[in-house]
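Read-outs throughout are calculated quantities, based only on the coordinates presented, and are distinct from any laboratory measurement. Note that the coordinates shown come from a computational prediction; the quantities given were computed from them, not determined experimentally. Using ideal geometry, Cβ is built from the backbone for each residue, glycine included, and neighbour counts are taken over all protein chains shown.
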Ligand code: B4P
């Protein structure tokens, strides 16, 4: 198995690059953001709970996302590996992921962290907000709150993987293809 965490602030290009990575490496894509948006669009109880938090740019409770990911890993136990996109977003989620994977005798092999400065993030998210209909992309105050939540709750996850010597920083500025090439080099060197 090859298990990769694709990490970065909101708007860094995680979702964009995940699509290319799964095509090339035949990994299962697990995006907590996508799973939560699908719950919202189906009007489930979980979706209703998540919506008001996501719309404000706050994180959904750890117990909710850990449960969702646990189900998905169990459903795909024969997979070649996983790309975790937007998860883990807290140290508690990172610890839970290590425990879940150890139940299947596997582990995270590498964290690929897309590094993008704040002004560029805001520009990308506001541009997507004009076409995506995503409430959390349409308002600068909400975007700034997401970046604040990232710095305070999510950035410690990078230190967690640095301590395990699994962190690989990638320059996330450039064309989508250029960044994809950098990611492939990092995956192939892992
Ligand atoms: P996510 O869905 O993970 O969304 P995101 O951080 O905005 O990143 P995304 O992957 O969508 O965007 P990308 O960078 O690819 O999370 C949304 C919300 O869900 C969170 O705020 C939270 O409430 C909740 N949530 C999700 N996971 C959770 C968890 N584990 N725990 C708790 N809560 C959780 O792209 C952004 C834009 O940039 C796109 O328009 C793209 O086209 C553009 N772009 C990408 N690469 C580019 C490049 N190289 N140059 C120019 N533009 C580029």
Note down the nm distance, to one decimal, between modelled labels 7 Å out along Cα→Cβ at residue 162 and at residue 184.
3.0 nm
So what is the 222 nm mean residue ellipticity for the chain from helices alone, if each DSSP H run of at least 4 adds -39500 (n - 2.57) and you divide by all residues, rounding to the nearest 500 deg cm²/dmol?
-18000 deg cm²/dmol
Sticking with the crude label model, points 7 Å out along Cα→Cβ, report the distance from residue 55 to residue 80 in nm, one decimal please.
4.1 nm
Taking Cα pairs closer than 8 Å and at least 6 residues apart, the relative contact order of the chain in percent is 32 percent
Percent relative contact order of segment 77-174, based on C-alpha pairs within less than 8 angstrom and at least six residues apart?
41 percent
Rounded to the nearest 0.05, what FRET efficiency is calculated for residue 141 and residue 175 with R0 set to 41 Å and r the Cβ-Cβ distance?
0.85
Using a 10 Å cut-off around each Cβ, can you sort 136, 85, 62 from fewest to most neighbouring Cβ atoms?
62, 136, 85
Give the residues of segment 102-131 whose amide nitrogen is closer than 20 Å to a point set 7 Å from the Cα of residue 152 in the direction of its Cβ.
118-119, 122
Convex hull (Cα only) mean projected area of the chain, reported in nm² to one decimal
10.1 nm²
For segment 1-92, projected area of the alpha-carbon convex hull averaged over all directions, nm²
6.1 nm²
Mind telling me which of 174, 33, 11 comes out most flexible in a GNM of the chain, alpha-carbon contacts under 10 Å?
174
Give me the base-10 log of I(q)/I(0) for segment 105-175 at each q in 0.24 Å⁻¹, Debye formula, one uniform scatterer per Cα, rounded to two decimals.
-1.08
Take the alpha-carbon centre of segment 110-147, take the same for segment 1-25, and report the distance between them in whole Å.
16 Å
